[in-house]
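Contents: one structure, followed by commentary.
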Amino acid sequence: MNRVVVLGGGLAGVLAAVALTRHADEVVVLETDHYPASPRPRRGLPQSHHNHVLVTGGIRALDRLLPGVVDDLLDAGAHRRNMPGDCLIFSGEGWFHRVRTEADLIACSRPLLDEVVRRHAGIEVTEGVRAIGLTGDAGKVTGVRVAAGEARLRATTGATLGDLPDIIRTGMIGADLVVDATGRRSQAPAWLSALGVPGIEEVRVPSGVSYATRLYEGPGDIPAVMVHPKYTPARGGTLFPIEGGRWIVTMTGDPPLDEAGFLAYARDLRDPVIADLIAKARPVGPIRPCHDTANRRRRFEDVELPEGFLAVGDSVVTVNPVYSHGMSVAAMTAVRIAEEGPSQRAVAEVADRSWRMAVAEPRKGGNAKVGRAVLSSPGLAAEVFHGQALIPAVRDHHAVFRAMVEDLAEPLTAEQAISQFAWAR
Ligand SMILES: Cc1cc2nc3c(=O)[nH]c(=O)nc-3n(C[C@H](O)[C@H](O)[C@H](O)COP(=O)(O)OP(=O)(O)OC[C@H]3O[C@@H](n4cnc5c(N)ncnc54)[C@H](O)[C@@H]3O)c2cc1C
């Protein structure tokens, strides 16, 4: 391929661009927004105010695509926590034992993660240019239509695009492959429809969960703390240490946004451990809401797509953010593209792993015996956390069986669970 144009300079777009440099002579990334000079949330990424945890599938994929990038993240202040070995978790079934598994998570702010990845990748992004449509027909996409002032295009694309005068005249950029990575508000189905491509099916499953997030200053050497609802969707809370001696605290369910309401909500969770922790910390900035948490899957792979088009990232699948999957799906997809070339089928396979976990989860009750076994059995805990972390399951059926029939330890009390961690002593 001569030229690939990637639309959207979020994580999925940047990682897809990294992958596609192995398959194309020139990769151009167009981003409507402007990146801040230092890692801060930005307008084009409203979710960047909220906690963004990278699970193991994503950690491994990132390091495979960009060797050394995870060390860069940790050097920049991100925290690595084993799941559930370094996590204090009160699940629907009770308090987890500190069982070590192969599942880790990395916690840092989303702006830091994006900046470290972009810097490490050395991908040049053309900022301030908005994609507004595709060119071509139902058989082949030949490029993208863009909106940006002449001065902006001259300033931002002059260095990378040989045919700048044409772009200014026509508002079009030709490409052998256009990659839609414009995120959850992607207009790609409408753009394709304008070319005569049949409608892309969209499945939407509401999560019923809102987010309210606030930053605090507090010591970084604490576990990741998670207080899950008894039944989903309902009240829960998380606290993750991030860079700069800060904690990112999120209430899920239907949390209030005023100071007193937020604190009362944290205290009224099934256990007040997060409220107790933030009572000793200093709040930084306002409480931020997020209501856009629905599960949504666009089945691009089910229609005959024109040649020269690929959709990745949140444009294809978004799941309830409590699963912490979107960035890992983006990274795992990029590895598939790097190794196999662009394929909507490969994108769909990665997306479906996350989708199935998010929408197939039982919403009520559950088997109490299994719950207690999960708490007390390393084998079962590992199964659960490996699934959540998008890495292969343990499949130690013998351990699972033993745990279910004869190996049920008593669940921990709150005091026992909290005292597993040095911070509490
Ligand atoms: C509240 C919340 C919490 C989350 N927490 C986690 C978590 O803990 N872990 C996790 O893995 N994932 C999490 N996610 C999901 C994660 O944010 C996304 O999966 C991730 O951002 C990857 O998306 P993307 O790159 O496809 O889209 P985005 O990150 O949304 O990026 C899209 C980019 O495209 C640009 N753009 C949009 N339109 C155009 C256009 N027309 N032309 C040019 N550029 C355009 C935007 O400005 C943006 O930069 C969370 C999501 C939410 C909402």
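Tabulated data
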| item | result |
| --- | --- |
| Test: residue in the range 305-322 that is at pLDDT below 95 and either part of a helix (DSSP H, G or I) or away from the ligand (no atom under 13 Å from the Cβ) (or both) | yes |
| When residues of the range 323-350 are limited to those that are near the ligand (Cβ under 10 Å from one of its atoms) and among the β-branched types (V, I, T), the one surrounded by the most Cβ atoms within 10 Å (Cβ to Cβ) | V329 |
| Some residue of the range 230-242 being out of contact with any Phe, Trp or Tyr (no Cβ under 7 Å at 6 or more places or on another chain), within 30 Å of P306 (Cβ to Cβ) and not aliphatic (A, V, I, L, M) | no |
| Single unsatisfied condition, I248 versus (1) touching a helix residue (DSSP H, G or I) at 6+ places or on another chain (Cβ under 8 Å); (2) buried (at least 20 other Cβ atoms within 10 Å of the Cβ) | (1) |
| Given (1) more than 20 Å from the chain's Cα centre (by Cα); (2) assigned to a loop (DSSP other than H, G, I, E, B), number of the condition T142 does not satisfy | (2) |
| Residue that is nearest to the ligand (Cβ to nearest atom) [pool: residues in the range 122-139 that are assigned to a loop (DSSP other than H, G, I, E, B) and in contact with a Leu (Cβ under 7 Å, 6 or more places away or on another chain)] | V129 |
| Selected residue [under 30 Å from T413 (Cβ atoms), in contact (Cβ under 8 Å) with a residue 40 or more places away in the chain and not hydrophobic (A, V, I, L, M, F, W, C)] from H120, H79 | H79 |
| Qualifying residue in the range 253-276 (condition: on the phi > 0 side of the Ramachandran plot, touching a residue at least 12 places away in the same chain (Cβ under 8 Å) and not polar (S, T, N, Q)) | yes |
| Residue pairs meeting the criteria (Cβ under 8 Å; at least 6 apart or on separate chains; first touching a residue at least 40 places away in the same chain (Cβ under 8 Å), in the range 7-29; second away from the ligand (no atom under 15 Å from the Cβ) and hydroxyl-bearing (S, T, Y)) | E26/T160; V27/T21; V28/T160 |
| Among the candidates T32, T101, residue that is within 13 Å of the ligand (Cβ to nearest atom), farther than 22 Å from I248 by Cβ, at pLDDT below 95 and of a type in the set (S, T, Y) | T32 |
| Index of the failed condition, D72 passing every other in (1) at pLDDT below 95; (2) surrounded by fewer than 20 Cβ atoms within 10 Å (Cβ to Cβ); (3) touching a His at 6+ places or on another chain (Cβ under 6 Å) | (1) |
| Which numbered condition V394 fails, given (1) at pLDDT below 75; (2) assigned to a helix (DSSP H, G or I); (3) within 19 Å of D104 (Cβ to Cβ) | (2) |
| Some residue of the range 281-291 being within 27 Å of G58 (Cβ to Cβ) and not in a strand (DSSP E or B) | yes |
| Residues that are among the small types (G, A, S) and either over 22 Å from A330 (Cβ atoms) or in a helix (DSSP H, G or I) (or both), drawn from the range 180-196 | G183, A188, A190, S193, A194, G196 |
| Within the range 251-262, tally of residues that are outside any strand (DSSP E or B), buried (at least 19 other Cβ atoms within 10 Å of the Cβ) and aliphatic (A, V, I, L, M) | 0 |
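So that you can scan it fast, the table gives a plain yes or no per residue for (1) in contact with a Lys or Arg (Cβ under 7 Å, 6 or more places away or on another chain); (2) more than 6 Å from the ligand (Cβ to nearest atom):
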residue: G9; (1), (2): no, no
residue: V18; (1), (2): no, yes
residue: H23; (1), (2): no, yes
residue: E26; (1), (2): yes, yes
residue: P39; (1), (2): no, yes
residue: G44; (1), (2): no, no
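Quick grid of which residues meet (1) of a type in the set (D, E); (2) within 26 Å of the chain's Cα centre (by Cα); (3) at negative phi; (4) surrounded by fewer than 21 Cβ atoms within 10 Å (Cβ to Cβ):
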| site | (1), (2), (3), (4) |
| --- | --- |
| V284 | no, yes, yes, yes |
| H291 | no, yes, yes, yes |
| E304 | yes, no, yes, yes |
| V312 | no, yes, yes, no |
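The values are calculated or read from the model by the stated rules, or taken from the named source; none is laboratory data. Worth saying up front: this structure is predicted, and the values here are computed from it rather than measured. FYI the Cβ positions are ideal-geometry reconstructions off the backbone, even for glycines, and counts take in every protein chain you see.
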